[in-house]
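See structure below.
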Amino acid sequence: MTAEILCIGTELLLGNITNGNARWIAEQLAALGIAHHRQAVVGDNRERLIAELQAAAQRCQVLITTGGLGPTPDDLTTEAIAAAFGAPLVEHPQVWAEIQARLAARGRPCAASNRRQAFLPEGAALLPNPTGTAPGMIWTPRPGFTILTFPGVPSEMRAMWQATAASWLQATGLAEGVFASRMLRFWGIAESDLAERMADLLEASNPTVAPYAGSGEVKLRITARAATAAEAEQLLAPVEQEIRARTGRLCFGENEDDLASVVLQQLRRGGHTLAVAESCTGGGLGAALAAVPGASDVFLGGVIAYANRVKQELLGVPAEQLASHGAVSDSVAQAMAVGVRRATGADWALAITGVAGPSGGTAEKPVGLVHIAVAGPDGCCSEGVRFGASRGRCWIQALSAGEALNRLRLALLD
C-alpha cells in the first residue's frame, strides 16, 4: 500500500501554523508498515484542491487529508472531494443532530453554517470525531483509491486516528511489514560530530539510522522493518546498544524524553528537590521544568532575578560581587544558586546569568556569554559558556536552560 498526506489550509502555506500533523501521521503510517512517499500542502482554494486530489488518485492507494472540515466558507475539503470525483453531497441527519447536541452541551450557539459539516459525498462512510464537531470520512471514489479526511485540530485528528482510522488501515491487509522506531536524544555534541561517530551505521539499510538537529539537542532515529513488531524490535536493540556504547553520557534519553523530564526523574529517584534562579532566561528554565507533569513533587520553584537589586534582596548576592565582577560572572551565578537553595530549602539549585542580546554585550562579555551554576549538597560550581550571537536572543535563552539542565543531569549521575 502506498499512501500520501495532503494538508489543507492557507495558514500552513503562510507559515502561521507549524505543520505538525504531517509529521505525526507519517510516524503512524510507518508504525503500521504503510509506505508513504509524498506529502503536499495546498491552500484554501477549491480549484487547486480539486487538482491535487485528482492527481493523488493517479499515484497512491490511500490519501490522508487534514484541515478544511469546519463550518466556515474557507473550509472546502468535503465539497472539493465530492466535486473532484463527481459525487453529490448527502446530508447525514444523525451527524447534524450530534453537532447540535455537542454545541448545546458546551453552551455554544449552533449557527446555520455548522450544518455543512453533516454533508458527505454519496457513498462515503463516516469517520467519527469523538472530541469535536467536524466528522471525517472514509471514501473510495475509485477502485483502489481511498480518501480519509481529518480536521486540522491536532487533538481531534489524533483521537479520530486512534479510534477508527488505525484499525481500518490495519484491516486492509496491505501493510508491507511492520516498522519499529526509536529516537535517541543527545546533548553536548554537534550533529556533524555525532554523524561522524556513526558513519558506518548511517549507511545501513535495515535498521536505518538518521540524525536530526534541534535547539542544542541532536537526535538519532533508528528505524527497523520486519514481518512482526517483535522482530523489528529485535533488529533495533543491537543498534541502539552500539550507539549508546559509542556516545556514553552524551545520550540523555529516548523518544519523548527531554532534559527536564530526565532530570526530574533523577531527582525523584534520589529523593532530592530542586530550585532555580534565573536572570537572562527570564523563567524559561522554570517553565521547562513545570511543563513536565508531576514536577511539583521535586521542583520547589524559583526566582527570576533580572535586576541586580532583586539579586541582592531576594537571593543575597553581595553588592561587592556585583560591583567587582558584574552580574554576568561565575561568582554571581554561584551566589544566585546558593541563595535560592538557601531560600527554598532545596537539595539542588541551578542559576543562570548572561547576555542574551541583541544588545548589551561588550568585548569582554559578548552577547551569548552565559554563566551557569549548579549548587548541591557538596558545594557549588559555575562555568561560563559562549553560545554566540548569530541565532538570536530566544536561541541563547533556550540553550542556556538546556545546558543548565544537562549540567545538573551529569552532576546527578556522578
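No value in this document is a laboratory result; all are computed from the given coordinates. Small disclaimer: the values here were computed from a predicted structure and weren't measured. Glycine gets a Cβ as well: all are built from the backbone with ideal geometry, and neighbour counts include every protein chain shown.
Summary of computed values
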quantity: Whole-angstrom gap from segment 196-222 to segment 100-145, using each part's C-alpha centre; calculated: 41
quantity: T72, T18, T146, T281 arranged by Cβ crowding within 10 Å, fewest neighbours leading; calculated: T18, T72, T146, T281
quantity: Relative contact order (percent, whole number), segment 178-254, Cα cutoff 8 Å, 6+ residue spacing; calculated: 43
quantity: G253 long-range amide H proximity, modeled H, under 5 Å; calculated: R185
quantity: Fraction of antiparallel bridges per DSSP, the chain only, in percent to nearest 5; calculated: 60
quantity: Estimated 222 nm signal from helices in the chain, with DSSP H stretches of n ≥ 4 weighted -39500 (n - 2.57), rounded to 500; calculated: -12000 deg cm²/dmol
quantity: Proximal charge balance of A398 [Cβ under 14 Å; K/R count +1, D/E count -1]; calculated: -2
quantity: Cα point-scatterer Debye curve for the chain, base-10 log of I(q)/I(0) at q = 0.07, 0.10 Å⁻¹; calculated: -0.48, -0.86
quantity: Rel. contact order, % - alpha carbon contacts under 8 angstrom, at least six apart, the chain; calculated: 10
quantity: Residue order, fewest to most surrounding Cβ atoms within 10 angstrom, among L350, L6, L29, L13; calculated: L13, L29, L6, L350
quantity: Prolate/oblate/rounded call for segment 129-283, Cα gyration tensor, a/c under 1.5 rounded; calculated: oblate
quantity: Cα centroid separation - segment 319-349 against segment 389-414, whole Å; calculated: 18
quantity: Considering only segment 2-171, percent of DSSP beta bridges that pair antiparallel, nearest 5; calculated: 35
quantity: Gyration tensor (alpha-carbon) shape descriptor, segment 1-82, a/c threshold 1.5; calculated: oblate
quantity: Ranked H37, H272, criterion: other C-beta atoms within 10 Å, fewest first; calculated: H37, H272
quantity: Rounded to 5, percent antiparallel among DSSP beta bridges of segment 259-413; calculated: 60
quantity: Whether segment 2-171 is rounded, prolate or oblate, judged on the alpha carbon gyration tensor where a/c under 1.5 counts as rounded; calculated: rounded
quantity: Environment charge of Q265, counting only residues whose C-beta is closer than 12 Å and scoring Lys/Arg +1, Asp/Glu -1; calculated: 0
quantity: Residues with amide H under 5 Å from that of R38, placed H, sequence gap 5 or more; calculated: I5
